[in-house]
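What follows draws every value from the coordinates through simple rules; no lab data is involved. What you see is a predicted model; the values in this text were computed from it and never measured. Neighbour counts run over all protein chains shown; Cβ positions are idealised from the backbone, glycine included.
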Amino acid sequence: MAAGFNPRFADNCDLLTKLFRTHLLLRRALFLVSSLQSRRALLLAAVLISWWLLRTDGDRPEVIDQVEQHLPDFWATKWSSRTLAETGKPAYDLAAERVTHFRDDGSSEFELPVYHRHRQTEGPLTITALSGWSNETGDEILLTGEVEIISYAADGSNINQANMDELLLHPDDDFAETRSPVTITTREGVTRGVGMHVNSRLGTLVLLSNVKGRYERLSK
């Protein structure tokens, strides 16, 4: 796993720029003093320096506002994590080709995320997407773009598949929901609907509206 760090150089760069400009003003003031050798030149130099310092102080709040923007503080590639259940066994895995973390709110963004749910009595549940987002605590994971859910049987065979545009996961509650159109494909046929609630603890899947299906008898 490769990782990178993006430090905030806004303050330092801004300060260096202001110091450089102050240095130029001082040199200009000294040149006036040495060439004219008059109190008027010295007074002019003091006025210029005072004006510049006041302007520097006035710009400081703007710099602070820039630092507090939604900017990443680190990223990682080939990233993965595992969350354990209270029993100590794996509950779910979350992986991504790239993850970017944001310091201001603790959120993370994912590229090509893969969510893998471990189930005791059944095979695993795998969810893939083009992109994703997670809040700071990780109890909400939003997957977006070509979301695909594949549920496996205990023997590793594919039981059913669901496709949608986005899916909001609540990993700690074994619950998922979406308002997007959903297509569910099983061995028996295809079911379509708009909106879905999935409760893994209860073993229920509910399509919320516009439900249509096409079913075929299993071949012997």
(request) Mind running the shape call on segment 139-205? Use the C-alpha gyration tensor, a ≥ b ≥ c as the square roots of the eigenvalues: rounded below 1.5 for a/c, prolate if a/b tops b/c, oblate otherwise. (result) oblate
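Could you compute the net charge surrounding Asn210? Neighbours are other residues with a C-beta less than 14 Å from the C-beta of Asn210; K and R count +1, D and E count -1. Please list the in-between numbers first.
Details: positive: Arg179, Arg192, Lys212; negative: none.
Net charge in that neighbourhood comes out at +3.
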(request) Find out how many positive minus negative residues lie around Pro171, taking Lys and Arg as positive, Asp and Glu as negative, among other residues whose Cβ is under 10 Å from that of Pro171. (result) -4
(request) For segment 70-187, restrict the atom set to alpha-carbon positions and state the Rg and Dmax in Å. (result) 14.5, 47
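Evaluate the charge dipole of segment 122-220 about its Cα centre and quote only its size in Debye, nearest 20, assuming +1 on the Cβ of each Lys and Arg and -1 on the Cβ of each Asp and Glu. Don't skip to the end; give the middle numbers.
Working: 8 positive and 15 negative charges, 163 e Å.
Dipole size: approximately 780 debye.
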